[in-house]
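The values are calculated or read from the model by the stated rules, or taken from the named source; none is laboratory data. The model shown is predicted, which means the values in this text are computed figures rather than measured ones. Cβ coordinates were reconstructed from backbone atoms using ideal geometry, including for glycine residues, and neighbour counts include every protein chain displayed.
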Amino acid sequence: LDARDSDLYQAEQMAVSRWYFKFTKSAGGKLMIANVLDSDRGIYRCRIDFSDSPTRNFRVQLSLVDPPDSIFVMDSQGVEVHDIAGPYFEGYDLQLSCTVKGGRPKPSVSWWMNGTKIDDFTEQVFQDQSTNRP
């Protein structure tokens, strides 16, 4: 937004692709980014120039969260488990592995039972895959 030669409410809009600045009397100024992309991550700076005062700057870091591509639980036989594991006989040695693919920041994988964490060792299997095998 360029308001150097006019009133702020009549300033010239400088549009750049998906980014634009919107200013209204009721809400003030806002940087608008349509369809935020991974490449939009970074440090943004709001620069305020005055005709008779020093320039002011404010910086903000934009970070994004990418959900995992997939999450699945497997038993010791390599069979994917959905909703219910078992039934198993008492005394049976059960092994379940929980694997998550993708996600940023990299997710940690933990096992909980009735609201209590019982294991939180996350093994990095591949660059984009984390597994917990208690």
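Test of understanding: among Val109, Val100, Val125, which residue is assigned to a strand (DSSP E or B), at pLDDT 85 or above and within 17 Å of Phe72 (Cα to Cα)? So the residue among Val109, Val100, Val125 that is assigned to a strand (DSSP E or B), at pLDDT 85 or above and within 17 Å of Phe72 (Cα to Cα) is Val100.
Can you report the number of residues in region 58-95 which are in a strand (DSSP E or B), surrounded by 10 or more Cβ atoms within 10 Å (Cβ to Cβ) and not β-branched (Val, Ile, Thr)? Of the residues in region 58-95, 6 are in a strand (DSSP E or B), surrounded by 10 or more Cβ atoms within 10 Å (Cβ to Cβ) and not β-branched (Val, Ile, Thr). For region 7-28, a residue qualifies if it is modelled with pLDDT under 75 and in a loop (DSSP other than H, G, I, E, B), and the qualifying residues are Asp7, Ala11, Gln13, Met14, Ala15, Ser17. With respect to the conditions (1) touching a residue at least 24 places away in the same chain (Cβ under 8 Å); (2) surrounded by 12 or more Cβ atoms within 10 Å (Cβ to Cβ), Pro105 falls short on a single one, namely (2).
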